[in-house]
Amino acid sequence: MLRSRAVRRLVVWPVLAIGLTFALAGCVETASEPSATASPSLTVVATGDGVLRIGNLAPTSGASAFLGAAQVDGVNLAVADINAAGGFGGKPVEVINADSADASSTTLETSFASLVAAKVAVIIGPNSSVLAVRAAPLAAQAGVPLISPAATFPRLTGGAHTGYFFRTIPNYAYQGTVLGGYVSAAKPVKVALVYLDDELGQSLEPALLASLAASGSSLVAVPFTAKDTDFAAQLKDVADAKPDLVVLSAPFDAIEQSKTLIAGLTTAGFGAGKLWLTSQTAADYSQALPSGLLAGVNAIIDGFHPDAAFVARLIQLDPALSETRYAAEAYDATTLAALAAVVAHDASGAAIARNLEDISKGGIKCGSFAECMDVLKTNPNIDYDGITGPVNFTAAGDVVPASFGVYAYDSENRFVYKTMATGR
C-alpha cells in the first residue's frame, strides 16, 4: 500500500503570498454522465457584421446552479467595462446567456449549439469539469474557443481540443506544486499523501513529489480506492512513515471516506497543523464532524478571491448575489477574449483562439481593458494582468502562475482564509 518516493534536487518552485481568496474547490463535478447521444452538428459561423458576441455558458439549473450567478455577473461586469471603453470596433460587445445545467442531462450540448447558432465568437464556461470535457471537442469542431473559469480536470490539458480550450483557473495538479513549495519553504519536511487513486490523486502525486524534492523534502504515497471502507492499513502506513505533515486528497463524492480518514488521522496525532486537505476534500464540516475536530487543520483551495472593491461592484450589479466564487475568473476570461479580438481586428472564434496566449504574456503589462486599449495605441504587444493577477496562458490553454488560497479550520470546523500561495 505504502509507496515511498526517492527525491532529487530540482529547480525550486517559487511561492509568493499575495492577495485574498475565497474559492472552494475548482469545479470538478462528479455526477455521472447521461447516456451517449449524437452531438449536434456544428459548423463554423463567422460574425460577419463586426459585432463581438460572447456566449456565457453557466449553470442556471441543476446541482451547480448556486455557482451560476457569479459567472454571469463576472461576464456582465467585464462586458460593461469593455463597452464603457469603446467596445469592439466602436460597437458594443454583446452577451448571450445559456444554461449549462449539470452532468445529468444533455442541456450542455443543446445550449452549446444554440450559442453557435447565435454567432458567438467565444464561450465563457462551462464551470464543471465533467461538462468541459464534453464541450471541448465541440468547441474545436465549431471553431469557437471555450474559456472556463472553474474547470480543473487534468485531462483538459492538451488533446485534440488544444487551441480551443483555455481556463483561467489552475489545472488541479498545480496545487501539488504550490503546496509542496509552501510547506517546505522554511525547511525540508517529510509528507505523507493519502489519496483516492483516481485521476485527481494520480495527477497530484507527481506534482507534489517534484515540488517537495526541490527543497530536499520527501513524499510517502498512501493510496486508497473508491471501494475501501476500512482504512486501518492506510493509517498504519502513515504512522509507520512518521511524517511531519499529512495531505489528504479525495473528491467531493468520497465525503464519507474523507470523514473516516480525517477522524482516524486526527486520533493518530496527525490533526491540527499536521493535516492538510486539498481543494476537493476541503468543505464545511461543521455539521459533519465533532466540534473542534478540525481546529487548526489547513486546506489549500483553488481560485482567487479579489479585493472588496471588485466584490462591491458585483453586488452593485446584482444585489441578490450571495456566492462570488469564480466571478473574478469569469471577468478575466471575458476581458481576455475581447482583447484577443481587438488585437486580431477580427471578431471570429479562430482569431480569438490564435491570439489569447500572446496577449496574456510577454508584452507591456496592463490591468484592465481600458488600460490595454491605451497601450495598443502605441504598441501592439500587451500582457493583460487581471483581477486574479497574472493570467499567462500556456500553449495547452492552462493558466500560470497558479494561485491557491491557504485556509485554516476554526473550532466550528469551518475554514477561514489565511493567505495566498502561488507557483508555476
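Within segment 246-258, can one find any residue that is touching a strand residue (DSSP E or B) at 6+ places or on another chain (Cβ under 9 Å), modelled with pLDDT under 95 and part of a helix (DSSP H, G or I)? For segment 246-258, residues touching a strand residue (DSSP E or B) at 6+ places or on another chain (Cβ under 9 Å), modelled with pLDDT under 95 and part of a helix (DSSP H, G or I): present. Only one entry in Ser211, Ser203 is hydroxyl-bearing (Ser, Thr, Tyr) and either within 19 Å of the chain's Cα centre (by Cα) or assigned to a loop (DSSP other than H, G, I, E, B) (or both), namely Ser203.
So which of Ala312, Ala320, Ala330 is without any contact (Cβ under 8 Å) to a residue 40 or more places away in the chain and either touching a His at 6+ places or on another chain (Cβ under 8 Å) or closer than 30 Å to Ala80 by Cα (or both)?
Details: Ala320 fails: without any contact (Cβ under 8 Å) to a residue 40 or more places away in the chain; Ala330 fails: without any contact (Cβ under 8 Å) to a residue 40 or more places away in the chain.
Exactly one residue qualifies, and that residue is Ala312.
Restricting Val7, Val75, Val51 to residues that are within 30 Å of Leu209 (Cβ to Cβ) and either at pLDDT below 95 or surrounded by 15 or more Cβ atoms within 10 Å (Cβ to Cβ) (or both) narrows the list to Val7. If a residue has to be surrounded by 17 or more Cβ atoms within 10 Å (Cβ to Cβ) and not aromatic (Phe, Trp, Tyr) to count, how many in segment 401-418 make the cut? Total satisfying the criteria: 7. Comparison of Ala121, Ala185 shows that the only residue that is touching a Gly at 6+ places or on another chain (Cβ under 8 Å) and among the hydrophobic types (A, V, I, L, M, F, W, C) is Ala121. Under the condition of being within 18 Å of Arg53 (Cβ to Cβ) and of a type in the set (A, V, I, L, M), the residues counted in segment 123-159 number 9. Total residues in segment 358-400 satisfying the condition of being surrounded by 19 or more Cβ atoms within 10 Å (Cβ to Cβ), in contact (Cβ under 8 Å) with a residue 60 or more places away in the chain and over 17 Å from Tyr326 (Cα atoms): the figure is 3.
Please work out if Phe231 is under 30 Å from Ala63 (Cβ atoms) and under 17 Å from the mean Cα position of the chain (by Cα). Outline the logic, then answer.
Numbers: under 30 Å from Ala63 (Cβ atoms): yes; under 17 Å from the mean Cα position of the chain (by Cα): no.
No: the conditions fail for Phe231.
Could you tell me whether segment 62-69 includes any residue that is in contact with a strand residue (DSSP E or B) (Cβ under 6 Å, 6 or more places away or on another chain) and within 26 Å of Gln280 (Cα to Cα)? Among the residues of segment 62-69, at least one is in contact with a strand residue (DSSP E or B) (Cβ under 6 Å, 6 or more places away or on another chain) and within 26 Å of Gln280 (Cα to Cα), which makes the answer yes. A count restricted to segment 86-125 and to residues that are at positive phi, surrounded by fewer than 23 Cβ atoms within 10 Å (Cβ to Cβ) and in contact with a strand residue (DSSP E or B) (Cβ under 8 Å, 6 or more places away or on another chain) stands at 1. From Ala232, Ala140, Ala210, Ala226, grab the single residue that is in contact with a His (Cβ under 8 Å, 6 or more places away or on another chain) and surrounded by fewer than 22 Cβ atoms within 10 Å (Cβ to Cβ). When all the criteria are applied, what remains is Ala140.
Only one entry in Gln234, Gln257, Gln202, Gln280 is free of Cβ contacts under 8 Å to residues at least 12 places away in the same chain and at negative phi, namely Gln202. Go through segment 91-172 and tell me which strands (runs of 3 or more DSSP E), entirely inside it, have 3 or more residues that are touching a residue at least 24 places away in the same chain (Cβ under 8 Å) and among the hydrophobic types (A, V, I, L, M, F, W, C). Result: 94-99, 122-124. Note on segment 46-90: residues that are among the small types (Gly, Ala, Ser) and part of a helix (DSSP H, G or I) total 8.
The values are calculated or read from the model by the stated rules, or taken from the named source; none is laboratory data. Note that the structure is a prediction, hence the values are computed from the model and not measured. Every residue, glycine as well, gets a Cβ built from its backbone with ideal geometry; the counts of neighbours run over all protein chains shown.
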